[in-house]
Amino acid sequence: MTTYASGTDTLTRDALTVLQPGFTGTTAPDWLLRRLGEGLASVGVFGRNIISAEQLGALTAQLRAERDDVLVAIDEEGGDVTRLEVRTGSSFPGNNALGAVDDPELTRQVALELGRRLAACGVNFSWAPVADVNSNSANPVIGVRSFGADQDLVARHTAAYVTGLQAAGVAACTKHFPGHGDTAVDSHLAVPRIDVTAEVLHSRELVPFRAAIAAGTRAVMSAHILVPALDPSRPGTLSHRVLTELLRGELGYDGLIVTDGMEMQAIAGTYGIEHGCVLALAAGADAICVGGGLSDDETVRRLRDALVAAVRSGELPEERLADAAQRVRALAAWTATTEVAQPDPTLTDIGLVAARRALHVTRVDPYTPPTEPLFVASLTPETNIAVGTETPWGVSAELTRLLPGTETGSFAGEDAARPWSVHLSKSASVMNVALMPPFAGALAEFR
């Protein structure tokens, strides 16, 4: 059982409980351990905190020595967005590749094995899967993180992913409610706006979230997007209409509602992070995600004090904060008591199996595998902020390893509209390859 530090009152504990902060370093700083003793119940780990699975396991053990029921959250989608394998690239294909295969059982197996690896490192909460329907091809932040552009396909794979991940004892966090797919603006930078009717929202954006709820997703992450058909004045994260009336009411969801990162400019640049956190809790959010950019004790103190002050001033009802804190504790209890599926030795290479199934090769027969250096024409648009700068992207490095002397030329703009496509040319022969990570085993097929 967790023992709270003496002198920490109930209101302060609840304010700390609803925060999900990050930190810097590969071991837990003293301030973080102290806050866990005072009531903090969740910690987010990012690429900057991870060197290896063994080191991450030691880090989570350090956190649990201070608080045994702490929620350790991670942004682990597989594919482009990986933190567990941030410096090498994920061993699992991302959602778009899984959607292209369109085998929900394969998606479930991938999520199960990914969850098992997270659980082995002491991580019990993943901000995944992405349930957004990528209906806007100009979307700068979702793209290949989505299972696809068809809401029914996205729904069945979202449900399969939730089922697999949670079978490993890792809580799923389906995102980004009410749907971030039909935007041309990145909420890391500004407030995206979706101008569609309520009917379109219900028949398209909300379909995968209904499927996730039916599958028992333990958490849902809100999006910092303005949807005038739902709320003309406030983005989803701060909207009572979106979080309480729609998600809790119409959709009947009773699990944890987590905000997207509150330091993103859609919130921080318009409402300010402290006021934004108060508005999010009042709207119906239960946990405040912060730490991707702001990752220090001062941030935790500022947000804690803002929530306490809002309760004392009457801006935030005390019972709303207490309800949010209880939902966080309930999820922590679930992670500690849920039955975990036993490791399946047949799934250890499921990422490679899935990647090979998602690989489509067009070639002219008879085909001769390349044996000499290639020139890689890499069609690369602007880097998705969610991926981060630490994770390698593309096939060039792997081809260079297989065929030393391989050269790469990068192309951007309209010619790079399909970021997962590369063209490999050698003399007069051309191989057109559509690939998703992991690349190593898939490329080995060409040897």
>> Anything in segment 231-248 that is in contact with a helix residue (DSSP H, G or I) (Cβ under 9 Å, 6 or more places away or on another chain), under 21 Å from Q265 (Cβ atoms) and of a type outside the set (K, R)? List them, or say none.
In response: D231, P235, G236, T237, L238, S239, V242, L243
> What are the residues in segment 238-271 that are open to solvent by 20 Å² or more (accessible area, probe 1.4 Å) and modelled with pLDDT under 95, if any?
Replying inline: D260, E263, Q265, A268, G269, T270, Y271
>> Checking the structure you have, find out if any residue of segment 331-346 is within 24 Å of A283 (Cα to Cα), surrounded by 16 or more Cβ atoms within 10 Å (Cβ to Cβ) and not charged (D, E, K, R).
In response: yes
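Let's see how each residue does on (1) modelled with pLDDT of 95 or more; (2) of a type in the set (S, T, N, Q); (3) out of contact with any Ser or Thr (no Cβ under 9 Å at 6 or more places or on another chain):
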site: Q151; (1), (2), (3): yes, yes, no
site: V154; (1), (2), (3): yes, no, no
site: T158; (1), (2), (3): yes, yes, no
site: F177; (1), (2), (3): yes, no, no
site: H188; (1), (2), (3): no, no, yes
site: P192; (1), (2), (3): no, no, no
> Only one residue in T174, T158, T183 is in a helix (DSSP H, G or I), without any contact (Cβ under 8 Å) to a residue 60 or more places away in the chain, open to solvent by less than 30 Å² (accessible area, probe 1.4 Å) and closer than 18 Å to S222 by Cβ, so which one is that?
Replying inline: T158
> What residue, of A119, A111, A100, is part of a helix (DSSP H, G or I), open to solvent by less than 10 Å² (accessible area, probe 1.4 Å), farther than 30 Å from D231 by Cβ and out of contact with any strand residue (DSSP E or B) (no Cβ under 7 Å at 6 or more places or on another chain)?
Replying inline: A111
> Is one or more of the residues making up segment 194-208 under 17 Å from the mean Cα position of the chain (by Cα) and either open to solvent by 10 Å² or more (accessible area, probe 1.4 Å) or acidic (D, E) (or both)?
Replying inline: no
>> I'd like the full set of residues that are open to solvent by 50 Å² or more (accessible area, probe 1.4 Å), closer than 25 Å to T107 by Cα and either assigned to a loop (DSSP other than H, G, I, E, B) or among the small types (G, A, S) (or both), limited to segment 347-371.
In response: T348, D349
>> For segment 195-241, give me each residue that is within 23 Å of A287 (Cα to Cα), in a helix (DSSP H, G or I) and polar (S, T, N, Q).
In response: T237
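The values are calculated or read from the model by the stated rules, or taken from the named source; none is laboratory data. Treat the numbers as computed from the prediction; the structure is a model and nothing was measured. In this analysis, Cβ positions are derived from the backbone assuming ideal geometry, glycine residues included, and neighbour counts consider all displayed protein chains. Protein only, heavy atoms only, side chains kept; ligands, DNA and RNA dropped before computing areas. Shrake-Rupley method; radii C 1.70, N 1.55, O 1.52, S 1.80 Å.
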